[in-house]
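Notes follow once the structure below has been shown.
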Amino acid sequence: MDSTKIDFLFYSPEIEKNKCLDSVDSLHAVKVLRKKQGDIIQVTDGIGGWYRCSIADPNPKVCKLNILDVKKDYKAPKRRIFVGICPTKNADRIEYFIEKSVEIGISGIFFLKTQHTYPKKINIERFKKIAISGMKQSLKAYLPELREMMSFGTFMKESGSFSQKLIAHLDEQAVDITKIQLDSDLLILIGPEGDFSKEELILAQENNFKTITLGENRLRTETAGVVAVSILNLL
C-alpha cells in the first residue's frame, strides 16, 4: 500500500465492527470525491490500523465498505510524545499547534490551567475535529489523545506514569533538549504566554520534571509546542 498514491484518508474508529464511514466521510466520499461501488479507498481506525477497502454501497449517508487488506501498527512512531500545554488567549494559535503537531507526530495533548492561563475553558470537541483533520491530511494512522483542561496541580498528580518528564523553561539549570538521552515515551510541558509561575516550577521539580530549553530564542506558546514536537520526532 503506497501512501503517496492516496487521494484521501478516511477515519472510522470502529471499522472492523461497522464496516462503514460516518455521515461526514460518507458524504465526502460519494458527493465530493465521486467514489462509486468497487472503488478502493484507505481508512484508518486512529490506533494504528490501516485498511484497504472497496466501496460496497456508495450511500452518501452511510457508505458501506468491504475490507480487503489490513495492516496493524502502520508506520508506528519511534517515540510516543505527549505534550502538556496551556491554551492561548487567541484560540487560533492553540488550534494551529494541534493541527501541526498531529501532522508532525504526537501521541497525546493535555491542556493545562496554570496561574497565567487566560482561557477558563476550551472547546475540546472542536480540538478533536482539528486533530482528525490533521491526521487525515498527513496520512497518519494514529489519532492523539486529547484531554479536557485540568489544573496544573491535578496534572502533576496524574503525571506519575511517565518515566521521562521534561518542562521547557529558560533558566540557568536548563539543559539543551538536543543534549539529553530521550526515552521511547516522554512528556514535555510548554508554559503559558506569561510563563510558569515560580510555585509551578518548584512543583514540577518536586515531581521529577527535568528543565530543558528549546534554544535561546523566546517563543510563543504554540511555536514552542511545534518546535518541541519537531525536535523530539527528529532526534
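Answer with yes or no whether S230 is surrounded by 15 or more Cβ atoms within 10 Å (Cβ to Cβ) and either modelled with pLDDT of 95 or more or not small (G, A, S) (or both). So that I can check it myself, show each step before the final result.
Numbers: surrounded by 15 or more Cβ atoms within 10 Å (Cβ to Cβ): yes; either modelled with pLDDT of 95 or more or not small (G, A, S) (or both): yes.
Criteria met by S230.
Inspect the stretch 129-147 for any residue being under 28 Å from K198 (Cα atoms) and of a type outside the set (S, T, N, Q) and give the result as yes or no. It would help to see each step written out before you state the result.
Initially, the stretch 129-147 is screened for residues under 28 Å from K198 (Cα atoms), giving 146-147.
From the residues that got through so far, the ones that are of a type outside the set (S, T, N, Q) too are 146-147.
Scanning the stretch 129-147, I find at least one residue that is under 28 Å from K198 (Cα atoms) and of a type outside the set (S, T, N, Q), so the answer is yes.
Look through F196, F209 and report the one residue that is out of contact with any Asp or Glu (no Cβ under 9 Å at 6 or more places or on another chain), surrounded by 17 or more Cβ atoms within 10 Å (Cβ to Cβ) and farther than 24 Å from P77 by Cβ.
Details: F209 fails: farther than 24 Å from P77 by Cβ.
F196 is the lone residue from the list that is out of contact with any Asp or Glu (no Cβ under 9 Å at 6 or more places or on another chain), surrounded by 17 or more Cβ atoms within 10 Å (Cβ to Cβ) and farther than 24 Å from P77 by Cβ.
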(request) Kindly check whether there is at least one residue in the stretch 136-159 that is out of contact with any helix residue (DSSP H, G or I) (no Cβ under 6 Å at 6 or more places or on another chain), closer than 16 Å to A224 by Cβ and surrounded by 14 or more Cβ atoms within 10 Å (Cβ to Cβ). (result) no
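Among the helices (runs of 4 or more DSSP H) confined wholly to the stretch 119-212, which include 1 or more residues that are more than 21 Å from D92 (Cβ to Cβ), assigned by TED's automatic domain parsing to the domain that holds V102 and of a type in the set (K, R)? Walk me through it before giving the result.
Numbers: elements: 124-137, 152-158, 198-206.
It comes to 152-158, 198-206.
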(request) Find the strands (runs of 3 or more DSSP E) located wholly in the stretch 27-103 whose residues include 3 or more that are surrounded by fewer than 21 Cβ atoms within 10 Å (Cβ to Cβ) and not assigned by TED's automatic domain parsing to the domain that holds T221, and list them. (result) 50-57, 64-71
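Has the stretch 150-159 got at least one residue that is touching a Ser or Thr at 6+ places or on another chain (Cβ under 9 Å) and not charged (D, E, K, R)? Walk me through how you get there before you give the answer.
Of the residues in the stretch 150-159, the ones touching a Ser or Thr at 6+ places or on another chain (Cβ under 9 Å) are 151-152.
Narrowing the set further to residues that are not charged (D, E, K, R) leaves 151-152.
Yes, there is a match, as at least one residue in the stretch 150-159 is touching a Ser or Thr at 6+ places or on another chain (Cβ under 9 Å) and not charged (D, E, K, R).
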(message) Name the single residue that is surrounded by the fewest Cβ atoms within 10 Å (Cβ to Cβ) among those in the stretch 6-22 being touching a Gly at 6+ places or on another chain (Cβ under 9 Å) and within 14 Å of K64 (Cβ to Cβ).
(response) E16
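The values are calculated or read from the model by the stated rules, or taken from the named source; none is laboratory data. Everything numeric here is computed off the predicted structure, so don't read it as measured data. Neighbour counts are summed over all protein chains in view; Cβ atoms, including those assigned to glycine, are modelled from backbone coordinates with ideal geometry.
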